[in-house]
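The values are calculated or read from the model by the stated rules, or taken from the named source; none is laboratory data. Keep in mind it's a predicted model, so treat the numbers as computed, not measured. Positions of Cβ are backbone-derived with ideal geometry, glycine not excepted, and every protein chain shown enters the neighbour counts. Heads up: the accessible areas ignore ligands, DNA and RNA and are worked out on the full protein's heavy atoms, side chains in. Shrake-Rupley method; radii C 1.70, N 1.55, O 1.52, S 1.80 Å.
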Amino acid sequence: MKFRTFGRHVKESFRSIARNGWMTFASVSAVTVTLLLVGVFVVIMMNLNKLADDLENDVEMKVFVELTAEDQQITELEQQIADTLGVKEVVYSTKEDELVKLAQDFGNDLQLFEQDNPLHDVFYVKAATPTETAAVATRIERLDQVSRVEFGKGKIERLFAVLDVSRNVGLVLILGLLFTAMFLISNTIRITIVARRRDIEIMKLVGATNWFIRIPFVFEGMWLGIMGALLPMTLVTTAYYAIYNELQPRLAQSELITLLPPMPFLLQVNGLILVMGIMIGIWGSFMSVRKFLKV
């Protein structure tokens, strides 16, 4: 494509946007509303995914050592657990350490049990893949000197199931919103094309190629997508900064729930919104003008 022809197509796309003021407003509004919803859902789902990943990474097994195990046997057991397929991390805690933790949790007097500590030595174990926790626990239970393994059996499986469902539902909602945006902009641009159908027919009759006719509409759709993405990008950025600055100091006291830092998170979200706006606009224009090129 020659630079002069390219410039002509760009100018024609801007003229079309200016001539069709109300249709332009309708198209931009449709894209704005949809991309704003998409942006909000993306921000929520990304933070939920972070929470899910944090919860998964915090899942650990508590391996109780037999009360009769000797020091040498405990050392060998630690190595066996570390060598078990799927194990990522092993931390040893003596029964004295466990007694201290118990006293801190319940405020009990350590002197009650100092002479006869009833607790077990334990290993805190994390699986390399959190969803494989149950399988790893089964392997560890078979080892000698292991009394039992606790990891919230049943609750962990339900947790992973809920996290998977939430991720899938969020993805479906986002895809649904994207298709809605494509449908809306396709129909609004189609209205403007119907009004110019006679011009398209004349251009076809005098020998204009399909691409020569289509490109100004594609540019027009791209500009509409960009304009429709600007407001959602601004609102998402402003709102997230406000929410982050308000909530993060309070959430910082909890090791479980934290929000994603604004940077580079917002750059990624805004880049996604902008790309989606451009792609929605181009696709909508391309699909709308296609049926009118058959003269």
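Quick notes on this structure:
- Acute angle (nearest 10 degrees) that the helix 155-195 long axis makes with the longest principal axis of the chain, alpha-carbon atoms: 0 degrees
- For region 209-278, the spread of Cα positions along each principal axis, largest first, Å: 64, 18, 13
- Calculated translational diffusion coefficient of region 60-150 (10 °C, 1.306 mPa s; Stokes-Einstein with Kirkwood radius over alpha-carbon pairs) equals 116 µm²/s.
- Sequentially through region 88-93, phi angles give Karplus couplings (6.51, -1.76, 1.60; θ = phi - 60°) of 9, 8, 10, 10, 8, 9 Hz, Gly and Pro residues having no value and appearing as x.
- Taking all protein chains into account, the per residue accessible area for the chain stands at 59 Å² (1.4 Å probe).
- Taking every alpha-carbon pair under 8 Å whose residues sit at least 6 apart, region 60-150 reaches a relative contact order of 50 percent.
- Taking 7 Å steps out from each Cα toward its Cβ at THR180 and GLN248 produces label points 3.0 nm apart.
- Rounded to the nearest 20 debye, dipole of region 60-150 from Cβ charges on Lys, Arg, Asp, Glu: 460 debye
- Label-point separation, GLU150 to THR75 (7 Å along Cα→Cβ), nm: 2.9 nm
- Treating r as the C-beta distance of ILE202 and VAL165 and R0 as 45 Å, the FRET efficiency rounds to 0.25.
- Spatial extent of the chain: Rg and Dmax, with the Cα atoms as the point set, Å: 30.5, 103
- The long axis of helix 21-58 is offset from the longest Cα principal axis of the chain by roughly 10 degrees.
- Principal-axis tilt of helix 262-290 within the chain, Cα atoms, nearest 10 degrees: 40 degrees
- Accessible-area composition of the chain, carbon plus sulfur, in percent [1.4 Å probe]: 62 percent
- Candidate cross-link partners of LYS204 among the aspartates and glutamates, defined by an alpha-carbon separation under 19 Å and a same-chain spacing of 8 or more, comprise GLU12.
- Within the chain, the longest run free of GluC sites (Glu not before Pro) that sit in a DSSP loop with at most 12 other Cβ atoms within 10 Å is 115-254.
- Residue range of the chain that is longest and free of trypsin sites (Lys or Arg not before Pro) which are both DSSP loop and sparsely packed (at most 10 other C-beta within 10 Å): 143-293
- Equivalent ellipsoid, region 57-99 (semi-axes from 5 times Cα gyration tensor eigenvalues, Å): 19, 15, 8
- The label point for THR209 and the one for GLN104, both projected 7 Å from the Cα toward the Cβ, are 7.4 nm apart.
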